[in-house]
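**Student:** Below are the structure tokens for one structure; questions will follow.
Since every read-out is calculated from the coordinates, none of them should be taken as a lab result. Since the structure is predicted, the reported quantities are computational estimates derived from the model, not experimental observations. When we count neighbours, we look across all protein chains shown, and the Cβ atoms used for this are built from the backbone with ideal geometry, even at glycine.
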Amino acid sequence: MEQLPVVITDFTNLANQKWRIVNDDVMGGLSESHFQINSDGHAVFLGEISLKNNGGFASVRNQEPLNLFGFEAVRLKVKGDGSRYSFRLKPNPDSSNPAYWYEHRFETEKDEWSEIVLPFSSFKPTYRGSTPKDAPQLDLKNISHFGFLISDKQSGKFRLEVNKIEAIP
């Protein structure tokens, strides 16, 4: 029997979801971001990146546990602004390296909807902007956080609209 995609979130009930903003102000930066639902029922991650005070990133993360074991990839349906974003997964703090995130960067087309497939085999470990050398493989059974990041010295306003996030077999 063929396994079907599973919706991780489609933003229909944001009140029950645990999203929070983490920007570069945690280390003195001046970037700002917001996360909201628009009239179409899509999530919108928007704001402005500032490179002042060694800043340069904004993120939104969901703190709901996921078990993605048995799936091959994440599929995003997004409308971007032409910027590059990262979709990120963080293993449960009980796993071997709780400080590491695993990310897959993707490009967006300005004002165009895209379906983007991010194979788990292509996710890279990251720790505070650098790539750790001896990071373990991503533990798909024990994801504690997932979300989006904009970084890479992309200053200025940004806007990413997200229709849904799915796990695909």
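**Student:** In what sequence do 144, 59 fall when counting other Cβ within 10 Å, fewest first?
**Tutor:** Details: 144 18, 59 23.
Least to most surrounded, the residues fall as 144, 59.
**Student:** Calculate one ³J(HN,Hα) per residue across the stretch 142-148 by plugging θ = phi - 60° into the Karplus curve 6.51 cos²θ - 1.76 cosθ + 1.60, and present them in order as whole Hz with x for glycine and proline.
**Tutor:** After applying 6.51 cos²θ - 1.76 cosθ + 1.60, I find 10, 7, 9, 9, 8, x, 10 Hz.
**Student:** Got a sec? Charge dipole of the stretch 10-169, +1 on Cβ for Lys and Arg, -1 for Asp and Glu; which of 113, 99, 76 is way out at the positive end?
**Tutor:** So the residue we want is 99.
**Student:** At a 10 Å Cβ-Cβ cut-off, how would you order 101, 19, fewest neighbours first? Spell out each step's value before the answer.
**Tutor:** Values: 101 24, 19 17.
Neighbour counts put them in this order, fewest first: 19, 101.
**Student:** Please grab the % of Cα pairs in the stretch 10-63 that end up more than 19 Å from each other.
**Tutor:** 33 percent
**Student:** Counting Lys +1, Arg +1, Asp -1, Glu -1, what net charge surrounds residue 156 among other residues with beta carbon under 15 Å of its beta carbon?
**Tutor:** Details: positive: 52, 84, 110, 153, 157, 159; negative: 24, 32, 48, 81, 152.
Net charge in that neighbourhood comes out at +1.
**Student:** Sort 9, 131 so the one with the fewest other Cβ atoms within 10 Å of its own Cβ comes first. Walk me through the numbers before you get to the answer.
**Tutor:** Numbers: 9 19, 131 11.
Sorted ascending by nearby Cβ count, the order is 131, 9.
**Student:** If the reach is capped at under 13 angstrom between alpha carbons, list the aspartates and glutamates near residue 164, excluding any in the same chain fewer than eight residues apart.
**Tutor:** 10, 40, 115
**Student:** Could you go through the stretch 23-37 in sequence order and give the Karplus-derived ³J(HN,Hα) for each residue, using 6.51 cos²θ - 1.76 cosθ + 1.60 with θ = phi - 60°, rounded to whole Hz, and x for Gly and Pro?
**Tutor:** 10, 5, 5, 5, 10, x, x, 10, 5, 10, 8, 9, 9, 8, 10
**Student:** Calculate how large, on average over all directions, the projected area of the Cα convex hull of the chain is; give the answer in nm² to one decimal. Provide the component values of the computation, followed by the final result.
**Tutor:** On the way: hull surface 40.5 nm².
The number I arrive at for the chain is 10.1 nm².
**Student:** Then there's this: If Lys and Arg each add +1 and Asp and Glu each add -1, what is the summed charge of the other residues whose beta carbon sits under 12 Å from the beta carbon of residue 12?
**Tutor:** -1
**Student:** What number comes out for the charge environment of residue 24, summing +1 per Lys or Arg and -1 per Asp or Glu over other residues with Cβ under 13 Å away?
**Tutor:** Here the charged neighbours net out to -1.
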